[in-house]
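*Asks:* The structure that follows is given in the form of C-alpha cells.
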Amino acid sequence: VQLQASGGGLVQAGGSLRLSCAASERIFSIVGMGWYRQAPGKQRELVAGISTGGITNYAASVKDRFTISRDGAKNTVYLQMNSLKPEDTAVYYCKAAAVAGDYWGRGTLVTVSS
C-alpha cells in the first residue's frame, strides 16, 4: 500500500490550503488516518486524526483552523487548513493506521510566509 500526499505549497499567512492523501488500494483492517507534520529541527507531531467511525482529534495549535475528513470509498483523507500561520510551516505526512501496522506517505511541504 502506498500513500500519496498532495496539495502543499507556498501561501501567505491567513491563507488556506487543502491537503489530500490517497491510498493506492483498500487498507485491510484500517483503524484510522491522520496527518502529522515536522518542522525543521523539530520532532514529528500529530496534527489531526480521524477514525473509521468519524471521530476526530486535533492538536491544540490547529483546532478551529484545520479540519480533517475522510472518504472511505476513495481511500482518501483530507486536511483543510485555514487561517494559516508561519508556524504551520512544515512537511506534512499522512498516515494510515491498521491492525497489521502503519503506512506513511512521503510528505508534502507547506510553507506559510509572513
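The values are calculated or read from the model by the stated rules, or taken from the named source; none is laboratory data. Just so it is clear, the model here is predicted, and its values are computed rather than measured. No Cβ is skipped: glycine too gets one built from the backbone with ideal geometry, and neighbour counts run over all protein chains shown. Keep in mind that these areas ignore ligands, DNA and RNA; they rest on the heavy atoms of the full protein, side chains included. Shrake-Rupley method; radii C 1.70, N 1.55, O 1.52, S 1.80 Å.
*Asks:* Report, as a whole number in µm² per second, the diffusion coefficient that Stokes-Einstein gives for the chain at 10 °C and 1.306 mPa s using the Kirkwood radius over alpha carbon pairs.
*Replies:* The Stokes-Einstein estimate is 114 µm²/s.
*Asks:* Write out the GluC sites (Glu not before Pro) in segment 17-100 meeting two conditions: DSSP loop, and at most 15 other Cβ atoms within 10 Å of their Cβ.
*Replies:* Counting only loop positions with at most 15 other Cβ atoms within 10 Å, the GluC sites (Glu not before Pro) in segment 17-100 are 25.
*Asks:* Moving on to the next point. Write down the accessible area per residue of the chain in Å², having rolled a 1.4 Å probe over the full set of protein chains.
*Replies:* Accessible surface, normalised per residue, equals 55 Å².
*Asks:* Restricting things to alpha carbons, find the Rg to Rh ratio for segment 1-48 using the Kirkwood radius for Rh.
*Replies:* Taking Rh as the inverse mean 1/r over Cα pairs, Rg/Rh reads 1.02.
*Asks:* Sum up the charges of everything whose Cβ sits under 15 Å from the Cβ of residue 70, counting Lys and Arg as +1 and Asp and Glu as -1, but leave residue 70 out. The partial results should precede the final answer.
*Replies:* Numbers: positive: 18, 26, 74, 95; negative: 71.
Result for the neighbourhood of residue 70: +3.
*Asks:* Would you work out the relative contact order for the chain, in percent, from Cα pairs under 8 angstrom that are 6 or more residues apart?
*Replies:* Computed value for the chain: 37 percent relative contact order.
*Asks:* Using a Förster distance of 22 Å, how high is the FRET efficiency between residue 64 and residue 10, based on the Cβ-Cβ distance and rounded to 0.05?
*Replies:* Efficiency, from the Cβ-Cβ distance: 0.40.
*Asks:* For the chain, which whole-number percentage of the solvent-accessible area (1.4 Å probe, protein heavy atoms only) is attributable to carbon and sulfur atoms?
*Replies:* Summing carbon and sulfur atoms, their accessible area is 48 percent of the total for the chain.
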